[in-house]
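Read through the structure below, which is laid out as structure tokens, and then see the notes.
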Number of protein chains: 2
Amino acid sequence: MATLQAIKYNDGQLEILDQLLLPESCTFIPIFNVEDAWAAIREMKVRGAPAIAIVGCLSLAAELRKLAAPDTKEELCRLVKEKLDYLVTSRPTAVNTQLAAEACVKLCTQLTANASVDVAEAKDAVVKSLEATLADDMADNLAIGEHGASAIMKKTATKDKIRILTHCNTGSLATAGYGTALGVIRSLHKASKLDQVYCTETRPYNQGSRLTAFELVYEKIPATLVCDSMAAAAMKQFKIDAVIVGADRVAANGDTANKIGTYQLAVLAKSHDVLFYVAAPFSSIDFQIPNGQSIPIEERPHSEMTHTGSIRTAAAGINCWNPGFDVTPAELITGGIITEKGVFKPDQLAPPQ
Amino acid sequence: MATLQAIKYNDGQLEILDQLLLPESCTFIPIFNVEDAWAAIREMKVRGAPAIAIVGCLSLAAELRKLAAPDTKEELCRLVKEKLDYLVTSRPTAVNTQLAAEACVKLCTQLTANASVDVAEAKDAVVKSLEATLADDMADNLAIGEHGASAIMKKTATKDKIRILTHCNTGSLATAGYGTALGVIRSLHKASKLDQVYCTETRPYNQGSRLTAFELVYEKIPATLVCDSMAAAAMKQFKIDAVIVGADRVAANGDTANKIGTYQLAVLAKSHDVLFYVAAPFSSIDFQIPNGQSIPIEERPHSEMTHTGSIRTAAAGINCWNPGFDVTPAELITGGIITEKGVFKPDQLAPPQ
């Protein structure tokens, strides 16, 4: 069976699967420019740190393709930087868009300094580098899957099959394809090592029940949905072997910001002697920030908690606290941080030389 | 402001607030007999261990009032026992209905053995004892509130105000009125000791967001709704002082069956150095069972997890695990078990002499 593909890009035509309509309907919507991308990211039609960055980059590539080349390379640089800065504001917690933006601005600066490149060539080079984010992320995810699965299989070598718990959505719907934490689970399934994966609902936005469950059913991976409140009971009753989650941003010391609820899964995993892994592209590691205290945590609208569609699920007038993310301290990441470059203990992280 | 009253009984007329319609609508429905009560309990129009037992008892009282006295006291006994056995089958986890049934059957047997009582007098005595459950529970809850609040205020004497986290609904909507865990919170609020109460959504049935939030807004108690996945983040960020939950059944050693999610709150409380209390009428303690392993755990329909009203919130075809309850080991109940007879450490529980 083909793996689910949620971001489609061909020759400057970008379409994304509208995740707000899942699981009821599988509908693709066109993204013509960075304004469309910003709105789709903010409205969560696309979510997941890698997917957000890719859709942002591809939306700029699509827009640049349609534009005549500016008069000067400086003007091109200014335009690109302005659009990227705007895209970064769509969701503040994940670092991926910011890193992609920095890399692109750096490329612009290099091209501007290079007298042998004219403005049209510079524009083409920027477009190509933005477009490459899709294939690069796919390749990274396949590598994450392989590294993660082999590390976990080594740790559980005495067992025929294992049980994994995961949170939120980190699969084809959150990345260019295959996924990070869910990529590791796909690789474990391919290796016939997976007995069952337990996915949490992931309130209040139900990324687990709507999206992860959708991917697992789609690819016939043996799976069971649990409520967020059932994680500890499931660890105890089903003797779960490992928890694998994604990351929106990893600090230099390994502290990890991820979907709200991740921190408590890590606490529960520790107290049940269950391995806890973070799976993310190396670009999610932000060596600029020393630890998790400096990661900004987005607060999201109360309506996510008080309503499901038009149905009110909370009493009128109740105050809500709706942080989108929390920070898991490095010492709770007992399994390690799985990247395309290998699996690292939090204290082994080092910036690329 | 008057406390919310969800069970109304006058001269054999029983009405209950249909909790399935909350928070959208506040509608009372009549209960004419034990069949009506059984269906209302099964459909969760009324829930909460004490409320279930009271509605069961009052439905039988209402039915008996309308019946002509049977020919013999033996026949009365048989009839009462049959109806009570049937009521016990409506929800298997809570012990309250079973204990109320046993007490009523014992009374029937005593009345039958007492030659000075005729069958009409026996019927009246049974009706009166069934009707007394409402006022008795209310008195118990007020005592639970006082004992709990004073124990917690003693433990937190150095603080001006405290923050409490609670789970599920244990208030006026789960009891005859005032509540158990929520009764303690009401008493803390009355004593001006409460800074804020955090109530969990309590998935999948949203008893926290629909019912507890409704009561807290109704009585203007300062409150914030959090998702079940946010409990640990809230404990850390808001420095919560104590978790207080109810109980469906407490084993002789203090192990406590309560709404799914309670166990993990207890684990999280322990790891965050937060006091953990269970509040329940003494009748919730089942000295017949030595520990939590013997408490039957009801599994509930998958549709509770896959749909909110008519809206599908989980991918079609996904398998679900939906236990209604979990068991919290006694050693995690660090604060104690608050009853109308006082606050007990789990290892101090002893059957009434």
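The values are calculated or read from the model by the stated rules, or taken from the named source; none is laboratory data. This one's a predicted model, so the numbers in the text were calculated from it and none came from an experiment. Positions of Cβ are generated from backbone atoms using ideal geometry, with glycine treated the same way; all protein chains shown enter the neighbour counts. Each accessible area value is taken on the protein alone, full model and side chains, heavy atoms only, with ligands, DNA and RNA left out. Shrake-Rupley method; radii C 1.70, N 1.55, O 1.52, S 1.80 Å.
Summary table
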item: For the range A:147-348, the Rg and Dmax computed from alpha carbons only, in angstrom; result: 16.4, 54
item: Kirkwood hydrodynamic radius of the range A:1-42, from inverse mean 1/r over distinct Cα pairs, in Å; result: 11.2 Å
item: Summed buried accessible surface, chains B and A, 1.4 Å probe, nearest 100 Å²; result: 4400 Å²
item: Global form of the range B:231-353, assessed from the alpha-carbon gyration tensor, a/c cut-off 1.5; result: oblate
item: Hits among aspartates and glutamates - C-alpha to C-alpha of residue A:128 under 13 Å, sequence gap 8 or more where chains match; result: A:11, A:63, A:136
item: Förster-model FRET efficiency, 60 Å R0, residue A:196 and residue A:115, C-beta, rounded to 0.05; result: 0.50
item: Cysteines in chain B that, by Cβ-Cβ distance, have no pairing candidate under 4.7 Å; result: B:26, B:57, B:104, B:168, B:199, B:227, B:320
item: Gained length - residue B:154 relative to residue B:287, 0.36 nm times residue gap less alpha-carbon distance; result: 45.0 nm
item: Cα-Cα separations in the protein assembly as shown greater than 41 Å, expressed as whole percent; result: 36 percent
item: Over 29 Å between alpha carbons, listed pairs A:161/A:270; A:8/A:190; A:159/B:345; result: A:159/B:345
item: Highest to lowest packing among A:141-150, B:297-306, scored as the average C-beta count within 10 Å; result: A:141-150, B:297-306
item: Cβ-defined net charge surrounding residue B:125, 14 Å radius [Lys, Arg +1; Asp, Glu -1]; result: +1
item: All lysines inside 18 Å of residue B:341 as judged from Cα atoms, apart from same-chain residues fewer than 8 positions distant; result: B:154
item: Cα point-scatterer Debye curve for the range A:7-138, base-10 log of I(q)/I(0) at q = 0.15 Å⁻¹; result: -0.66
item: The range B:114-266 shape via C-alpha gyration tensor axes, a/c threshold 1.5; result: prolate
item: Inverse mean reciprocal Cα-Cα distance (Kirkwood Rh) of the range B:279-336, Å; result: 14.5 Å
item: Antiparallel bridge percentage (DSSP; both residues within the range B:147-348; nearest 5); result: 35 percent
item: Crossing angle, helix A:119-155 versus chain A [Cα axis fit, 0-90 degrees, rounded to tens]; result: 20 degrees
item: Kirkwood Rh and Cα Rg combined as Rg/Rh, the range A:196-255; result: 1.02
item: The range B:191-284: trypsin sites (Lys or Arg not before Pro) in DSSP loop, at most 14 other beta carbons within 10 Å; result: B:220, B:239
item: Under 18 Å from the Cα of residue A:259 - lysines, other chains or at least 8 residues apart; result: A:45, B:236
item: Scattering profile of chain B at q = 0.06, 0.07, 0.08, 0.09 Å⁻¹ [log10 I(q)/I(0), Debye over alpha-carbon scatterers]; result: -0.21, -0.29, -0.38, -0.48
item: Computed E for residue A:161/residue B:11 - FRET, C-beta separation, R0 45 angstrom, nearest 0.05; result: 0.10
